[in-house]
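Student: Pasting a structure here, questions to come.
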Amino acid sequence: MNTDRLYYNDSHLIEFNARVVDITERVSGWAAVVLDRTAFYPTGGGQPSDTGTLNGSRVVECIDDGDNGVLHVVQGTSPSIGAEVSGRIDWARRLDHMQQHTGQHILSQALVTLFKAPTKSFRVLEQSCEIDVDLSNPTNEVIERAVELANNVIWEDRQITIRNVTSEEAAGLPLRKDSAREGELRLIEIDGFDLTPCGGTHAYRTGEVGIVAVRSWVRAKGLTRIEFVAGVRALADYRRANRSAREIAALFSAGRDDAPSLAAHMIEENKDLHRRVRSLEELAAEGEAKEFFNAAEQKPDGTRIIVKVLDGRDPESLKKLAHALIANPQTVACLFSRDHDTVRLVFARSPDADADMNELMRKACTILEGKGGGRPDMAQGGGKNLAKFDEAISEVTKAVNR
Ligand SMILES: [Zn+2]
């Protein structure tokens with residue numbers, strides 16, 4: 001019942017006729033169809049499955065079931081056993097996968113040619129592809145040299161041929177990697193450049209790959225993981241990258257390629273401003289603390305209770321103000337700040353004042369549906385429920401004035 005795999009001989013065959021030899025209903029409305037021959041590539045070797053139609057019904061995935069053939073997972077009306085069906089492959093998806101897979105063979109061979117760095121694994125992902133390469137000292141320059149060579153091979157438009165050889169014949173050939181398969185081996189030969197055992201669908205000529213580009217790389221588990229894109233994916237990736245770069249440049253009213261230095265400059269400037277704001281805040285906190293302290297009413301036991309709402313303050317500046325306030329004797333400071341959708345709180349008391357800030361903070365945070373806590377003399381926290389802001393203030397005021 002083994003399926004004759006038409007994609008082995010012709011990667012550009014997208015229409016074919018076949019006979020149904022087996023059907024198993026999976027779940028209602030879904031069936032796994034086995035044909036006597038197929039042009040559908042099933043998931044394997046890092047290359048995702050083809051999709052398409054069988055007699056107009058969607059083939060959503062194909063699974064390699066080894067000697068049992070290729071399972072076509074069909075959604076909708078499935079044909080009956082013995083029926084003649086016509087199959088159609090989604091060409092855009094097939095072309096994409098071919099460009100990625102052939103692009104991978106070329107890039108992998110470029111890494112071997114230049115740096116003796118073999119590829120250990122390969123995957124076509126949703127928007128890009130990955131190879132794990134045994135490359136010991138990766139740098140941008142080293143990887144770009146391989147990309148350069150790969151693209152030259154693409155633009156030389158070399159012929160790609162499929163060779164079927166016995167394992168004895170294969171043993172005498174300069175293969176890029178060994179195959180675990182027994183018996184006949186299918187080799188993909190890129191004229192004068194690469195010879196590799198592979199079951200995937202490949203371009204007729206290297207030019208069909210169009211271009212290969214590396215998006216990023218990282219060291220992972222002793223190997224170098226290279227993320228790359230080829231063909232249509234490279235164009236899609238260029239469009240995304242160009243759009244991001246232009247959007248950033250527009251924020252600076254600058255040209256695209258000037259944006260990185262302008263952004264770096266702005267970050268430096270921002271750090272300086274931050275430092276200046278901090279030192280000014282310290283000065284302001286002292287002045288503000290003096291003002292709040294003097295305005296606060298002194299209770300009969302000598303305590304001053306200061307409850308303030310100071311919108312738009314970050315935790316750091318609230319803490320500075322709290323510290324400046326509790327430098328005074330017998331002082332309790334409860335500071336509130338709203339910043340967009342967040343409430344921030346800092347509660348503090350001087351050592352000779354009597355109130356548990358940690359307990360008070362927990363109470364306030366429960367009302368605001370947030371989190372917070374600290375020590376009996378200093379606590380901080382926050383919450384998101386702005387609707388309960390006034391309630392939190394009045395509860396805190398009541399508690400500290402008791
Ligand atoms: Zn391959």
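The values are calculated or read from the model by the stated rules, or taken from the named source; none is laboratory data. What you are looking at is a predicted structure, and each value in this text was computed from that prediction instead of being measured. We place every Cβ from the backbone using ideal geometry, glycine too, and count neighbours over all the protein chains shown. Keep in mind that these areas ignore ligands, DNA and RNA; they rest on the heavy atoms of the full protein, side chains included. Shrake-Rupley method; radii C 1.70, N 1.55, O 1.52, S 1.80 Å.
Student: Pick from V277, V332, V346: which is closer than 30 Å to K384 by Cα, in contact with a Pro (Cβ under 8 Å, 6 or more places away or on another chain) and either free of Cβ contacts under 8 Å to residues at least 24 places away in the same chain or of a type in the set (A, V, I, L, M) (or both)?
Tutor: V346
Student: To continue, here is another question. Does any residue of segment 17-36 turn out to be open to solvent by 30 Å² or more (accessible area, probe 1.4 Å), under 25 Å from C198 (Cα atoms) and touching a Leu at 6+ places or on another chain (Cβ under 6 Å)?
Tutor: No, that holds for no residue.
Student: I'm trying to understand the selection: among the residues of segment 66-81, which are buried (at least 16 other Cβ atoms within 10 Å of the Cβ) and at pLDDT 90 or above?
Tutor: G69, V70, L71, H72, V73, V74 - these are the residues of segment 66-81 that are buried (at least 16 other Cβ atoms within 10 Å of the Cβ) and at pLDDT 90 or above.
Student: If you don't mind, there's one more thing I want to ask. Tell me which of these W91 doesn't satisfy, since it passes every other one: (1) closer than 25 Å to R186 by Cβ; (2) open to solvent by less than 20 Å² (accessible area, probe 1.4 Å); (3) not polar (S, T, N, Q).
Tutor: Failed condition: (2).
Student: Considering each of I248, I190 in turn, give the residue that is surrounded by 15 or more Cβ atoms within 10 Å (Cβ to Cβ), within 15 Å of the ligand (Cβ to nearest atom) and aliphatic (A, V, I, L, M).
Tutor: Result of the check over I248, I190: I190.
Student: Please work out if S49 is within 22 Å of I81 (Cβ to Cβ) and assigned to a loop (DSSP other than H, G, I, E, B).
Tutor: So S49 does not fit the description; no.
Student: Here is a further query. Tally up the residues in segment 94-125 that are open to solvent by 20 Å² or more (accessible area, probe 1.4 Å) and over 20 Å from D237 (Cβ atoms), please.
Tutor: Adding up the residues that qualify gives 10.
Student: Report the residue count in segment 24-46 for those that are closer than 18 Å to R94 by Cβ and in a loop (DSSP other than H, G, I, E, B).
Tutor: Going through segment 24-46 one residue at a time, the tally reaches 6.
Student: Taking segment 124-135, which residues are without any contact (Cβ under 8 Å) to a residue 24 or more places away in the chain and either under 12 Å from T224 (Cα atoms) or more than 22 Å from the chain's Cα centre (by Cα) (or both)?
Tutor: Passing the criteria: none in range.
Student: Give segment 29-52 a look and list any residue that's more than 16 Å from the ligand (Cβ to nearest atom) and under 27 Å from the mean Cα position of the chain (by Cα), or say none.
Tutor: T51
Student: Something else now. Which one is farthest from the ligand (Cβ to nearest atom) among residues in segment 102-120 that are in a loop (DSSP other than H, G, I, E, B) and within 12 Å of I131 (Cα to Cα)?
Tutor: Filtering first and then ranking leaves A117.
Student: If R215 satisfies every condition in (1) open to solvent by 50 Å² or more (accessible area, probe 1.4 Å); (2) in contact with a Gly (Cβ under 8 Å, 6 or more places away or on another chain) but one, which is the exception?
Tutor: So R215 meets the others, but not (2).
Student: Still on this structure, I have one more. Taking segment 53-71 as the search range and keeping residues that are assigned to a strand (DSSP E or B) and under 24 Å from F122 (Cα atoms), which one is farthest from the ligand (Cβ to nearest atom)?
Tutor: Filtering first and then ranking leaves V60.
Student: Quick one: what pairs do we get from segment 155-175, first residue among the basic types (K, R), second surrounded by 13 or more Cβ atoms within 10 Å (Cβ to Cβ), C-beta under 7 Å, 6+ apart or different chains?
Tutor: Cβ pairs passing all conditions: R158/I190; R158/D191; R158/F193; R158/R205; R158/T206; R163/L187; R163/E189.
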